[in-house]
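Coordinate-derived values only; no laboratory data. From a predicted model like this one, the values you see are computed outputs, not experimental measurements. Here the Cβ positions follow ideal geometry from the backbone for every residue, glycine too, while neighbour counts run over all protein chains shown.
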Amino acid sequence: MSAAYWRRAMNTAPVRARPRAAAATIEAPAPDPYAHSDAPRWLKFLWGRLAARHVFVMLAVLIYPFVASPFFTYQIGAQSLALGLIALSLTLLGGYGGMVSLAQMSVAGMAGYLVAIFGTSTATAISLAWPWWLAVPFAIVLAVVFATLIGWLSVRTEGIYTIMITLAIGVAFFYLAQQNYTLLNGHQGFNQVFAPTVASVDFRQPVPFYYLALACALAGYGFVKLLVRAPFGTAMQGIRDNPRRMHALGYHVTAHRVAAYALAGILAAVGGVLMTWYNNRISPGSMGVGVMINILIIAVLGGMKHPIGAFIGAIVFVLLQNFAIDLVDRERFNLVIGGVFLAVVLFSPDGLLGLWAILRSRFGPQSVITSNQRRQP
């Protein structure tokens with residue numbers, strides 16, 4: 001069986017005969033006005049997939065800065081979007097590729113360090129003072145190369161071994177940044193790494209920076225949604241489920257996995273640049289072991305099988321991080337975060353979205369109809 005035949009089989013669902021009475025109650029789908037047009041592929045993809053909840057969420061995130069205070073706009077909203085973008089890279093690897101990497105924050109930290117080195121900071125002896133439109137692309141490209149090397153080293157292992165290798169790489173990069181003063185400025189890092197001003201729009205301000213983070217988050221979310229439905233995404237999910245069978249079908253399993261690390265590296269690098277601009281600095285503490293574990297918590301908390309789960313988990317995590325100290329002592333606020341994480345994982349392995357699906361199936365309209373049908377004699 002050829003690889004092309006397998007792809008056609010995966011994209012074609014079997015058609016089962018339905019009773020005429022049931023078929024008569026099913027309404028015909030709305031015609032697609034872009035089916036026979038030269039419209040872009042992304043427009044054809046979105047048509048018919050936008051529900052009322054999508055429009056509501058889009059309006060909510062657009063209106064949010066006008067109804068929220070600068071603290072909630074910047075500290076909660078913008079930070080959640082930036083962290084969610086880094087967690088989305090882990091969701092792409094773990095949820096759709098079966099590869100749990102703890103080095104995604106290291107990729108983000110690499111992008112942040114490169115922005116500081118190529119751009120401007122207080123370390124004038126190290127920073128090259130390039131303009132932002134030149135420093136940022138170079139930083140992202142080199143961070144993606146770093147992510148590709150991490151993938152090349154780790155894809156030959158599976159399960160706990162992949163986690164340990166990526167953790168070792170992350171810890172090694174942390175100590176390298178802490179001890180290297182010539183290029184990475186040691187434990188002090190780089191300060192005053194500010195977001196740029198573009199066309200009289202100062203992205204240091206809360207509202208402009210929020211919309212910048214929102215634009216990057218929407219682009220990353222749309223990229224992942226399109227990718228997982230593309231032939232490459234379908235192949236990745238097949239490799240996740242049965243790599244031996246995919247290899248027998250003619251797919252290069254190692255190349256697909258390394259490419260997935262590179263694509264996830266793009267998301268992590270963009271998120272790393274945003275986090276550097278958000279904090280106005282980058283240091284070894286920005287990518288320590290605790291921060292690496294936080295990204296894993298965010299991804300699992302929201303649900304690793306859903307791209308939107310990365311942002312939901314980031315919102316919950318940032319809210320707990322900021323307001324848990326109101327419930328317990330400042331030194332013990334991590335207990336609240338750990339308790340919430342443990343409760344969610346215990347009751348729903350699929351995170352908060354899985355918990356919502358369970359509650360909806362039990363108490364939603366469909367469950368009421370099913371219960372009424374059972375009561376009928």
Describe numerically, in nm with one decimal, the distance between label points set 7 Å from Cα along Cα→Cβ at Gln179 and at Asn334. 2.3 nm
May I ask you to compute the full-extension gain from Asn191 to Ala230, defined as 0.36 nm times their residue separation minus their alpha-carbon distance, rounded to one decimal in nm? 9.9 nm
Between the modelled labels at His54 and Asp202 (7 Å from Cα along Cα→Cβ) the distance in nm is 3.8 nm
Compare the peptides 288-296, 320-328, 308-316, 86-94 by average per-residue count of other Cβ atoms within 10 angstrom and give them in order, highest first. 86-94, 308-316, 288-296, 320-328
Taking 0.36 nm per residue of separation and subtracting the Cα-Cα distance, what length does fully extending Tyr161 through Gln75 add? 27.4 nm
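Once the other residues with Cβ under 14 Å from the Cβ of Tyr74 are scored (Lys, Arg +1; Asp, Glu -1), what is the net sum? Let's see the in-between values first.
Values: positive: Arg204; negative: Asp202.
It works out to a net charge of 0.
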With viscosity set to 0.692 mPa s and temperature to 37 °C, compute the Stokes-Einstein D of the stretch 166-268, Rh being the Kirkwood radius across alpha carbon pairs; µm²/s, no decimals. 188 µm²/s
Inter-label distance for Asn279 and Arg245, nm, one decimal - labels placed 7 Å from Cα along Cα-to-Cβ: 4.3 nm
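Working out 0.36 nm times the residue gap between Trp130 and Lys305, then minus their Cα-Cα distance, what length gain in nm do you get to one decimal?
Gain on extension, Trp130 to Lys305, equals 59.1 nm.
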Tell me, Tyr64, Tyr210 in order of fewest to most beta-carbon neighbours within 10 Å? Tyr64, Tyr210
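Sort the following peptides by mean Cβ neighbour count (other Cβ atoms within 10 Å, averaged over residues), highest first: 337-348, 96-107.
Per-residue mean Cβ counts within 10 Å order the peptides as 96-107, 337-348.
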